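Have a look at the structure below, then the notes.
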Amino acid sequence: MTSVFETKQNNDVRQLAINPNHWYVVARSDEVINKPVNVILWKQAIALYRDTQGQVHALEDRCPHRQVKLSHGQVVGNELECAYHGWRFNSAGECAAVPYLAANQKLPNCIIRRYPVKEQDGFIWLFPGDVETLHETSLQPMGLPEWEHLNYIATVSVINCQAHYSYLIENLMDMYHGHLHQDLQAWAEANLQDIDEDMNRVDAHYTAQSYYKIDKIWSISQLFFPALRKLHPEPLDVSYVYPHWVSTLGKDFKIYCLLCPVNETQTKAYLIHFTSLNAFWRLHKLPVWFRRFVKDSLFGAAQKLLDGLVIQDVQMIEEEQQAYLQNSQRRNYELNRALVSVQKLMKSQVK
């Protein structure tokens, strides 16, 4: 019989777990170099490490010997060595060596969990769900095709908020909250036109006034000098492609938010902002090495803008979470119908 508490969890979006049968982003590629790294994805502690060939592996962050974290240890060859007693584990999660093993002893047959992991588009994607489901569906990470594309300049900001992931997704899907960002504004006068939805995504189509237009060689300077920005109409499309988010503002900007929910009251995410250089057709005729130099040199060009937006959003999101914890029975008066669709999708993914 289902308990009252379990029924409340199933119906309350703020109590929802995640659907593990998706690819989540747990780290940037350059965060995993020569030492193991601990990450947490929905209450699961995971150790990431690279072997001698540079391949990334993901193991349960637990030495079965004394239950301490393997991420405290080091990488030896292709194996992860525990800092406590030096037990080593291979990429399959099997005990591969014990330094004080006697000649008449066998290696322990303990096995820790191994997670499917892919390094793609500058990030490490991890699948925490059922491996058989992964094989059957051939599900792939959402990916960032603009990451390596020479026509796009990237900026990355890390979101760490003490709140359930639903608050972050709702914030990202609700373009009416531009009012919050008046000193860092990218858009204004958002107006929801239409919503498309299916079992895996919600697409909300807004019209808006954009402050930026990247069509002149000096246009990138708008990121640094607000006085150069001028409002002009652009389509603003935002999509919740479970479990991640993506947005486009006209032809010049694309933003992704890649989620790594930690638990019911903590969420980590990577916000990736791409500025398009597609308008500069002459640039496309230049040598690839020079275009790569331009792309790399301008990496992080929107950092101040992006970090400022994150700080303002996180403050609001965390206040929402605290209000919920203080009184979960209080009703919200929501007027944006896109958020109704988003909550419906979240609940349908976690059954």
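The values are calculated or read from the model by the stated rules, or taken from the named source; none is laboratory data. From a predicted model like this one, the values you see are computed outputs, not experimental measurements. Note that we place each Cβ from the backbone using ideal geometry, even for glycine, and neighbour counts take in every protein chain shown. Accessible surface is based on the protein model in full, side chains and every heavy atom, while ligands, DNA and RNA are left aside. Shrake-Rupley method; radii C 1.70, N 1.55, O 1.52, S 1.80 Å.
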What single numbered condition from (1) under 19 Å from Thr207 (Cα atoms); (2) in contact (Cβ under 8 Å) with a residue 24 or more places away in the chain fails to hold for Ile159?
-> (1)
Could you please give the count of residues in segment 118-130 that are within 19 Å of Val39 (Cβ to Cβ) and open to solvent by 30 Å² or more (accessible area, probe 1.4 Å)?
-> 4
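Restricting to strands (runs of 3 or more DSSP E) lying wholly in segment 68-184: which have 3 or more residues that are in contact with a helix residue (DSSP H, G or I) (Cβ under 9 Å, 6 or more places away or on another chain)?
Numbers: elements: 74-76, 79-81, 95-97, 117-120, 123-126, 152-161.
Strands (runs of 3 or more DSSP E) meeting the threshold: 152-161.
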Boolean, Ile40 is closer than 18 Å to Arg114 by Cβ and either open to solvent by 50 Å² or more (accessible area, probe 1.4 Å) or modelled with pLDDT under 95 (or both) = yes
Can you tell me which residue within segment 11-53, out of those that are of a type in the set (Gly, Ala, Ser) and outside any loop (DSSP other than H, G, I, E, B), is nearest to Ala323 (Cα to Cα)?
-> Ala45
For segment 120-143, pairs from a residue that is small (Gly, Ala, Ser) to a residue that is open to solvent by less than 40 Å² (accessible area, probe 1.4 Å), with Cβ under 6 Å and 6 or more apart or across chains, are Gly122/Ser29; Gly122/Trp147; Gly143/Asp121
Test: residue in segment 187-209 that is modelled with pLDDT under 95, under 30 Å from Arg292 (Cα atoms), in contact with a helix residue (DSSP H, G or I) (Cβ under 8 Å, 6 or more places away or on another chain) and open to solvent by less than 20 Å² (accessible area, probe 1.4 Å) | no
